[in-house]
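The values are calculated or read from the model by the stated rules, or taken from the named source; none is laboratory data. What you are looking at is a predicted structure, and each value in this text was computed from that prediction instead of being measured. Virtual Cβ from ideal backbone geometry, glycine too; neighbours counted across all protein chains shown. To get the accessible areas, we keep the full protein, side chains included, count just its heavy atoms, and leave off ligands, DNA and RNA. Shrake-Rupley method; radii C 1.70, N 1.55, O 1.52, S 1.80 Å.
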Amino acid sequence: MTDNSVDQSEEKVKVGGFIAPPIVIKLLLFSLICMCLLGVYAVFSWGMGDLYGYKVRYALEQWQERPQLPQPEEISEALADSNSALNWEESNPEYVELKGRVLYYRALVSELDAQGLDDIANAKVLHQQAIKLRPRWPYSWANLVLMKSYLKEFDEEYHQALINSLKLGPWEKSVHLTLSHAAALSWDSLSLEQKRLFAQNIERGIVRNMPEVRTILSAYTKTASICAYLKRDAMQNKLCLS
């Protein structure tokens, strides 16, 4: 009678105190390799998305500092970069929001013609998507208010977006300026409560960003109308009597 116990033990490998057949070892190694590859791809995707996202952020920062609007070719390049960033990370809320902001600039360059209004509508949808992905980000809420101001959508979503942007980013410069723009653009269509909410934002905004807020209100010739809702103090006098 032949004893096969030695041969059988040689075909198994001891793993963590247990004797495992070679097929189990192969499966474990394969799983480990797959996890490593997934990790490498995730890091690579993040890196590539950030590369394109950085280009879009930089372009937007440059446009904000200029007195004139960007050229159409600049917008096309930034839009292509935002699409590339989203191709790598389609659920990244920052990249979704960046694309919405680029579309907004394209709408301004087109002087808000039919295509421009379509861009505004698409930007609104992108900011809504960004909010679902990152609901406590005040800039997305403020941008949603601005897009709906252009579209004259003064509904419950508009009102809630205004409240959320003020609640989540009361001292953020971008929120101050975006909402000041929305207020000046929409003032005649706002409810009394909304005017008071916008006034509170402007009161905080002029503490740190007086020149920018003054420029926005003056561009729409709404300084006097909005000043009537601001509390009387030295900052209000500086804005309204200068």
Looking at (1) within 26 Å of ALA114 (Cβ to Cβ); (2) of a type in the set (D, E, K, R); (3) not in a helix (DSSP H, G or I), find the lone condition where LYS124 falls short.
-> (3)
Residue identified as over 16 Å from TYR139 (Cα atoms), in contact (Cβ under 8 Å) with a residue 24 or more places away in the chain, outside any helix (DSSP H, G or I) and of a type outside the set (D, E, K, R) among LEU117, LEU108, LEU112 = LEU112
Kindly check whether there is at least one residue in the range 82-91 that is more than 19 Å from GLN129 (Cα to Cα) and not in a helix (DSSP H, G or I).
-> no
Of all the residues that make up the range 103-117, how many are under 27 Å from PRO135 (Cβ atoms) and either under 11 Å from the mean Cα position of the chain (by Cα) or not aliphatic (A, V, I, L, M) (or both)?
-> 3
Residue among ILE202, ILE216 that alone is open to solvent by 30 Å² or more (accessible area, probe 1.4 Å) and in a helix (DSSP H, G or I) | ILE216
In this structure, is LYS167 open to solvent by 50 Å² or more (accessible area, probe 1.4 Å), farther than 17 Å from GLN64 by Cβ, at pLDDT 95 or above and assigned to a helix (DSSP H, G or I)?
-> yes
Only unsatisfied item for LEU230, checking (1) in contact with an Asp or Glu (Cβ under 8 Å, 6 or more places away or on another chain); (2) assigned to a helix (DSSP H, G or I), is (2)
